[in-house]
1. In nm, to one decimal, how far is the modelled label at residue B:83 from the one at residue A:34, with both set 7 Å along Cα→Cβ?
2. Using label points projected 7 Å from each Cα along Cα→Cβ, tell me how many nm separate residue B:90 and residue A:81, to one decimal.
3. Across all directions of projection, what mean area in square nanometres is found for the Cα convex hull of region A:3-82?
4. Can you tell me what percent of all Cα-Cα pairs in the protein assembly as shown are more than 23 Å apart?
5. Once you keep just the Cα pairs under 8 angstrom separated by 6 or more residues, what percentage relative contact order results for chain B?
6. Helix A:41-55 versus the longest principal axis of chain A: what is the Cα-based angle in degrees, 0 to 90, to the nearest 10?
7. If you line up the long axis of helix A:70-82 against the longest principal axis of chain A, both from Cα atoms, how many degrees apart are they, to the nearest 10?
8. Pick from A:71, A:25, A:35 the residue whose mean-square fluctuation is largest in a GNM of chain A, springs joining Cα atoms under 10 Å.
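Bear in mind these aren't lab numbers, they're just calculated from the coordinates by the rules spelled out. Computed from a predicted model, the values in this text were never measured in an experiment. Ideal geometry is used to build each Cβ from the backbone, glycine not excepted, and the neighbour counts take in all protein chains shown.
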């Protein structure tokens with residue numbers, strides 16, 4: 001899976017939880033879920049669970065805590081896919 | 001953890017404790033009850049000369065049983081009132097019947113998931129006649145203060 005494919009899948013996953021639509025329009029690797037997209041921390045859990053379902057991977061506590069930006073999330077997903 | 005011990009560990013007190021008893025509890029569901037007192041503080045203003053339990057209080061009652069009590073149980077001993085706190089993070093509720101002063105309600109919550117200390121449940125509330133009062137989905141999170 002290319003990084004672009006991964007990013008577009010991630011964008012679809014986060015969209016229902018985004019409160020700041022401007023942030024979604026300007027999505028980049030550096031986008032911060034809480035600061036830029038105004039996703040609340042409880043909905044970050046839903047993002048992580050949806051990522052697990054979409055990519056058929058398991059996210060542990062340590063990885064979950066890292067997934068605060070687009071870049072960090074892609075790194076976690078790529079890593080989990082690689083060791084699958 | 002014993003059912004009686006869970007209520008002792010709740011971070012609420014009167015006049016904002018809306019749990020009397022836990023009737024059933026396991027890893028998948030909880031069933032609890034509360035009887036609204038005739039002199040709950042909110043009846044004075046909701047409504048003028050026409051006391052009815054506010055929907056937000058019914059939601060709170062469902063969250064105290066279906067989120068807080070259930071969550072403390074699911075945390076399996078990790079919960080410590082001094083160190084941890086809880087927050088309701090979302091609720092979607094439909095109300096079918098009013099609840100008047102003195103009425104007993106039963107709340108049943110079925111776990112959708114409990115991950116990363118977030119608990120999401122389908123919840124229902126029935127009155128003493130076993131009639132549906134409210135039904136919805138609530139989610140909450142437990143975190144270290």
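1. The answer from the label model is 2.0 nm.
2. Taking the two extended label points, one gets 2.5 nm.
3. That works out to 4.5 nm².
4. 54 percent
5. Relative contact order, chain B: 26 percent.
6. The two axes meet at around 40 degrees.
7. 20 degrees
8. With Cα springs under 10 Å in chain A, the top fluctuation among A:71, A:25, A:35 is at A:25.
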